[in-house]
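Visitor: Below is the structure I would like to discuss, written out as structure tokens.
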Amino acid sequence: MKNVFKSIGAVVAGFLSVVILSVATDFLLETLGIFPPQTNPGAYVTWMLVFALFYRSVYALVGGYVTARLAPGRAMRHVVVLGVLGIAGGTAGVIAGWSLGAHWYPIALAVSAFPLTWFGGKMYTKKELSR
């Protein structure tokens, strides 16, 4: 039972890593006036969306790495769970944000969620294998 809680904690920690880093970066960019407020999503231009896709991709890698690092065993199985959650969240974002503007952006987030998370987990497991 102890490992079940560790497993859940590993996936939650990876998920929270992605969410907290993304929200904090969005907040910082809005505070600095680089991005418009989220209440005005129509003001986002292509370079902003490309930049947001870039840093969110990095954070997806981090989430996969964190999950693999904290998993009590079978790290990549935990990373797969996180990747599936990322696909589900990304798909929800596509549906919720369809009327907000550029369709390619939420689709790219949804499609890239699993492979980026998986690669982040692989980065950790390869590091561990080389020890």
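Visitor: Accessible area per residue, 1.4 Å probe, Å², for the stretch 1-88: what's the number?
Guide: On the way: 5140 Å² over 88 residues.
Ligands and nucleic acids excluded, the figure is 58 Å² per residue.
Visitor: Okay, next question. Considering the alpha-carbon set of the chain alone, what are its Rg and its Dmax in angstrom?
Guide: Values for the chain (Cα only, Rg and Dmax): 15.8, 49 Å.
Visitor: So what's the net charge close to residue 71: Lys and Arg +1, Asp and Glu -1, counting the other residues with Cβ under 10 Å from its Cβ? Write out the running numbers ahead of the final one.
Guide: Numbers: positive: 6, 69, 74, 77; negative: none.
Taking every Cβ under 10 Å from that of residue 71, the sum is +4.
Visitor: Let me ask something additional. Counting Lys +1, Arg +1, Asp -1, Glu -1, what net charge surrounds residue 10 among other residues with beta carbon under 11 Å of its beta carbon? Intermediate values should be presented prior to the final figure.
Guide: Numbers: positive: 6, 69, 74, 77; negative: none.
That works out to +4.
Visitor: Then there is this: For the stretch 1-104, give the percent of accessible area contributed by carbon and sulfur heavy atoms, probe 1.4 Å, rounded to a whole number.
Guide: Here it works out to 74 percent.
Visitor: Mind checking which of 64, 101, 86 has the largest fluctuation in a GNM of the chain, springs on alpha carbons under 10 Å?
Guide: In this elastic network of the chain, the residue with the biggest mean-square fluctuation among 64, 101, 86 is 101.
The values are calculated or read from the model by the stated rules, or taken from the named source; none is laboratory data. The structure displayed is predicted, hence computed values, not measured ones. With ideal geometry, Cβ positions are generated from the backbone for all residues, glycine too; neighbour counts draw on all protein chains shown. Areas reflect the complete protein model, heavy atoms only, side chains present, ligands, DNA and RNA absent. Shrake-Rupley method; radii C 1.70, N 1.55, O 1.52, S 1.80 Å.
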